[in-house]
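J.: Dumping the structure here so I can ask a few things about it.
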Amino acid sequence: MNLLLPVLKIIPLLGALLAAPLIPGLINKVKAAFAGRRGPPVLQLYFDLFKLIQRGAVFSRTTTSILSAGPLLSLVSAGFVLLFIPWGPLPAPLAFEGDLVLVVALLGLGRFMTVISALDTGSSFEAMGASREVQFAALTEPSLLLILLALARMGNSLSLSTIFTALPPDQFVACGPAILLVGIGLTIALLVENCRIPFDDPNTHLELTMIHEVMVLDHTGPDLALILYGASLKLWIMALLLANLFTAWAAQAGVLPASVLILVALGLVAGLIGTIESITARLRLVKIPQLLIGAGACGILALFLLSR
Amino acid sequence: MNELIDFSMMGLILLNLVLLGATRLIHSVRLVAIQGLLLGLLPLWGIADAETSLQVRLYAISLATLTVKCGLFPWMMRRIIREGPTHREVKPSIALPTALLTGIIALALAFWISHKLILPNPRLADTLIIPAGFFGIFTGLLLIVTRRTALSQVIGYVALENGIYAVGVVFAHDAPLLIELGILLDVFVAVFVMGVTVFHINRDFDHMDTDRMTELRDSPP
C-alpha cells in the first residue's frame, strides 16, 4: 500500500484531467431535461475541444502576446490547483500546511490572466466584462477564504488533504450545522467562480448582461479550447471540494467505497447546478454583491459555530 | 434534540441575514412568517425530557406563538401591503450591502455576548438559541433604524420580538406561562395598533414614509 500510494495519488488527478469536460455535459443534460429537450450529448465538450484544436487562431493586430498567454496560464493555474485537491481519503499529490491559501491565490491568478488578456484586446466591451469580473472577484475571494478557513477549523488543519480525513462520522454529525453552512457558502462560491446562473449566464450573448463570456470573445481556435478546458477544470475543482465535504463521513471506509461515493456526489453536484440554472433567473447586477457577502457570512457563522 | 434546536436557530440567523438584504416588502413578511414557524416549533424540540406540567406549558406557548407569529402577523401585514396604494419595496436609508456587513458585525457581537452570559439552564446554554436570539434583537433594531417606511419598521419590530422570544424560551423552565403569554399579547396589541396606524397613514397620505412625517401641522401650508 505504501509503495502504491504515490501511484494511487496520481489516478484522481489523471481522472480529473480526462473527465472534467463531462460535468458541463451533465449540467446541460439536466437543463435539457428540465426544458423537455433531448439536449446535446454528454460528450459534447470533447467534440468541441477536438474541433477547436484543429482550427487556426486569428489575432487582431492591436493585441500582443498576452492575449495568447492568458488562456494558457489560466489553464495551468487551474491544473496546479488540481494538484492540491484531495480525493476523499486519498491525499492530494502535493500537500503542505497552508495549501488552501495557495489554492485561492492560484484561482485568483487564473482569473487575473483571463482579465488581462481581455484587456489586451483594447476593446472597451471586453474591458467592461473584465471590470465586472474583478468587481465580483473582490468579494468572492474573501468569502471563499472564510469558507475554507471554517473548513480548516473543522478539520484542525490548514491543508486540504488532511481536513476531509479528520471528520469521522460522529464528529460529522456534531459539526452538522457548520457543515451545512460551509456547503451553502461553497455552492455560492462554485456558482460565481464558474460564471453560472444566478451570477452569469454561460449561454448568454446579450451584450449588457455578459460577464465571463464577453472576456473571451476575441479568443479563437486552440486558445478558446484552452479556455473551455480550463473552465471545466475549475468547475471540477469546486465540485470536488463540495463532494469531498459531503462524503467526509465515509473517508475512513477505505478508498474504493469513498471513491464511489465521491463520483455519485460529483454527479449530484452537476445535477444541482443544472437544477439551479433551470429554475432560477439571473440576479440583477446590484443584487450579486449581497449574495456574495451572504456567502462570506455563511463562512463567518460557521467559524463562530465551530469555535464556540 | 440539541441538533434540531441548532438547525432551527441557524435557520433563524440566516433568515435574519436575508431579511437585512431583502428588497420587497411581501418577501420580508414571508421571511418573518417563516421565523415565526421556526420559533413556534422551538419549544416542542425540548418537550421530550420535560416534566408533565412544563410539557403543557410548552404546548401552550408553541400553539399561541404559531397562531400569532405565523398566522396573524403575516395576514395583517399582507393586508396592509395589498390594500395600500404605496410602494411595495423597502426603502433603506443605508445601502443593503452595508446593512448586511453591519449585520455580520452584530452577529459577532451576539456570539461574544452569549459567550459572556451565565445562564440558569446549562443544557440550553450550549445551543445556538442565545446567540441567535441576540442576533435577532440586533437585526430588528437595525431594521427599525435604517428603514424609512412604516411597514418595514413594523417588520423590524417583529424580527426584534422574535429574537426576544428565542432568548425567553431558554427561561421557559423558570418563567410562568402567564408571562410568556402576556409578552405575546403585548406584541400582538403593539403590532395591531401599528398595523392600524400604518393603514391609516397609507390611506390619508398616499405614502408611509416616516421621514416625511417630521413636520407636524394642523393644516397644509
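J.: Quick check: is even one residue across the stretch B:51-64 among the polar types (S, T, N, Q) and buried (at least 23 other Cβ atoms within 10 Å of the Cβ)?
T.: Pass one, the stretch B:51-64, residues among the polar types (S, T, N, Q): B:52-53, B:55, B:62.
After this cut, where a residue has to be buried (at least 23 other Cβ atoms within 10 Å of the Cβ) as well, the list is none.
Within the stretch B:51-64, not a single residue is among the polar types (S, T, N, Q) and buried (at least 23 other Cβ atoms within 10 Å of the Cβ).
J.: Out of the stretch A:277-298, which residues are closer than 18 Å to A:Ser143 by Cβ, in contact (Cβ under 8 Å) with a residue 12 or more places away in the chain and surrounded by fewer than 17 Cβ atoms within 10 Å (Cβ to Cβ)?
T.: A:Leu283, A:Leu285 - these are the residues of the stretch A:277-298 that are closer than 18 Å to A:Ser143 by Cβ, in contact (Cβ under 8 Å) with a residue 12 or more places away in the chain and surrounded by fewer than 17 Cβ atoms within 10 Å (Cβ to Cβ).
J.: Go through the residues of the stretch A:279-298 one by one and say whether even a single one is more than 14 Å from chain B (Cβ to nearest Cβ), out of contact with any strand residue (DSSP E or B) (no Cβ under 7 Å at 6 or more places or on another chain) and either modelled with pLDDT of 95 or more or in a helix (DSSP H, G or I) (or both). Working first, answer last.
T.: Of all residues in the stretch A:279-298, those more than 14 Å from chain B (Cβ to nearest Cβ) come to A:279-282.
Retained after the next criterion (residues that are out of contact with any strand residue (DSSP E or B) (no Cβ under 7 Å at 6 or more places or on another chain)): A:279-282.
Narrowing further to those that are either modelled with pLDDT of 95 or more or in a helix (DSSP H, G or I) (or both): A:279.
The answer is yes, given that some residue of the stretch A:279-298 is more than 14 Å from chain B (Cβ to nearest Cβ), out of contact with any strand residue (DSSP E or B) (no Cβ under 7 Å at 6 or more places or on another chain) and either modelled with pLDDT of 95 or more or in a helix (DSSP H, G or I) (or both).
J.: So, one more: Considering the stretch A:219-273 alone, what residues qualify as being surrounded by 23 or more Cβ atoms within 10 Å (Cβ to Cβ) and outside any helix (DSSP H, G or I)?
T.: A:His219, A:Thr247
J.: Would you confirm whether or not the stretch B:142-156 contains a residue that is crowded, with 21+ Cβ neighbours inside 10 Å and more than 16 Å from the chain's Cα centre (by Cα)?
T.: yes
J.: Considering only residues that are free of Cβ contacts under 8 Å to residues at least 60 places away in the same chain and over 29 Å from A:Asn28 (Cβ atoms), look in the stretch A:255-276 and name the one that is nearest to the other protein chains (Cβ to nearest Cβ).
T.: So, considering only residues that are free of Cβ contacts under 8 Å to residues at least 60 places away in the same chain and over 29 Å from A:Asn28 (Cβ atoms), the one nearest to the other protein chains (Cβ to nearest Cβ) is A:Pro257.
J.: If I ask for residues that are within 14 Å of the chain's Cα centre (by Cα) and buried (at least 19 other Cβ atoms within 10 Å of the Cβ), which ones from the stretch B:189-201 would you list? Talk me through it step by step, then tell me what you get.
T.: To start, the set of residues in the stretch B:189-201 that are within 14 Å of the chain's Cα centre (by Cα) comprises B:190-191.
Result: B:Val191, single match.
J.: Restricting to the stretch A:26-61, name every residue that is under 30 Å from A:Thr121 (Cα atoms), surrounded by 15 or more Cβ atoms within 10 Å (Cβ to Cβ) and touching a Pro at 6+ places or on another chain (Cβ under 9 Å). Don't jump to the end; show me each part of the working.
T.: Within the stretch A:26-61, the first condition is being under 30 Å from A:Thr121 (Cα atoms), and the residues that meet it are A:44-61.
Now narrow it down to the ones that are surrounded by 15 or more Cβ atoms within 10 Å (Cβ to Cβ): A:44-46, A:48-49, A:52, A:59.
The answer is A:Gln44, A:Leu45, A:Tyr46, A:Asp48, A:Leu49, A:Leu52.
J.: How do the helices (runs of 4 or more DSSP H) wholly within the stretch A:104-196 filter down when requiring 1 or more residues that are within 14 Å of chain B (Cβ to nearest Cβ) and in contact (Cβ under 8 Å) with a residue 12 or more places away in the chain: which remain?
T.: On the way: elements: A:124-155, A:160-163, A:169-174, A:176-193.
Counting at least 1 such residues, we get A:124-155, A:169-174, A:176-193.
J.: Among (1) crowded, with 16+ Cβ neighbours inside 10 Å; (2) part of a loop (DSSP other than H, G, I, E, B), where does B:Met9 come up short?
T.: (2)
J.: A further question follows. Within the stretch B:51-104, work out how many residues are closer than 14 Å to B:Ser28 by Cα, more than 14 Å from chain A (Cβ to nearest Cβ) and in contact with a Ser or Thr (Cβ under 8 Å, 6 or more places away or on another chain).
T.: 2
J.: Looking only at the stretch B:1-30, which residues are within 18 Å of A:Leu283 (Cβ to Cβ), facing another protein chain (nearest Cβ under 10 Å), in contact (Cβ under 8 Å) with a residue 24 or more places away in the chain and among the hydrophobic types (A, V, I, L, M, F, W, C)?
T.: Once the filter is applied, which keeps residues that are within 18 Å of A:Leu283 (Cβ to Cβ), facing another protein chain (nearest Cβ under 10 Å), in contact (Cβ under 8 Å) with a residue 24 or more places away in the chain and among the hydrophobic types (A, V, I, L, M, F, W, C), the stretch B:1-30 yields B:Leu17, B:Leu20, B:Ala22.
Listed here are the residues, each with its yes/no results for (1) in a loop (DSSP other than H, G, I, E, B); (2) β-branched (Val, Ile, Thr).
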site	(1), (2)
B:Ser62	no, no
B:Gly71	no, no
B:Pro74	no, no
B:Ile81	no, yes
B:Ile94	yes, yes
B:Leu101	no, no
B:Ile105	no, yes
B:Ala108	no, no
B:Ser114	no, no
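J.: Given the conditions (1) more than 19 Å from B:Gly140 (Cα to Cα); (2) free of Cβ contacts under 8 Å to residues at least 12 places away in the same chain, which single one is not true for B:Thr98?
T.: Looking at each condition in turn, B:Thr98 falls short on (1).
J.: Continuing with the same structure: Within the stretch A:201-216, can one find any residue that is aliphatic (A, V, I, L, M), outside any helix (DSSP H, G or I) and at pLDDT 85 or above?
T.: Residues of the stretch A:201-216 aliphatic (A, V, I, L, M): A:206, A:208, A:210-211, A:214-216.
Retained after the next criterion (residues that are outside any helix (DSSP H, G or I)): A:206, A:210-211, A:216.
With at pLDDT 85 or above added as a condition, the list becomes A:216.
For the stretch A:201-216, residues aliphatic (A, V, I, L, M), outside any helix (DSSP H, G or I) and at pLDDT 85 or above: present.
J.: Just the residues that are basic (Lys, Arg) and within 27 Å of the chain's Cα centre (by Cα), please, taken from the stretch A:56-70. Don't jump to the end; show me each part of the working.
T.: Step one: filter the stretch A:56-70 for residues basic (Lys, Arg), giving A:61.
Across the stretch A:56-70, there are no qualifying residues.
The values are calculated or read from the model by the stated rules, or taken from the named source; none is laboratory data. Quantities reported herein were computed from a predicted structural model and do not represent experimental measurements. Positions of Cβ are backbone-derived with ideal geometry, glycine not excepted, and every protein chain shown enters the neighbour counts.
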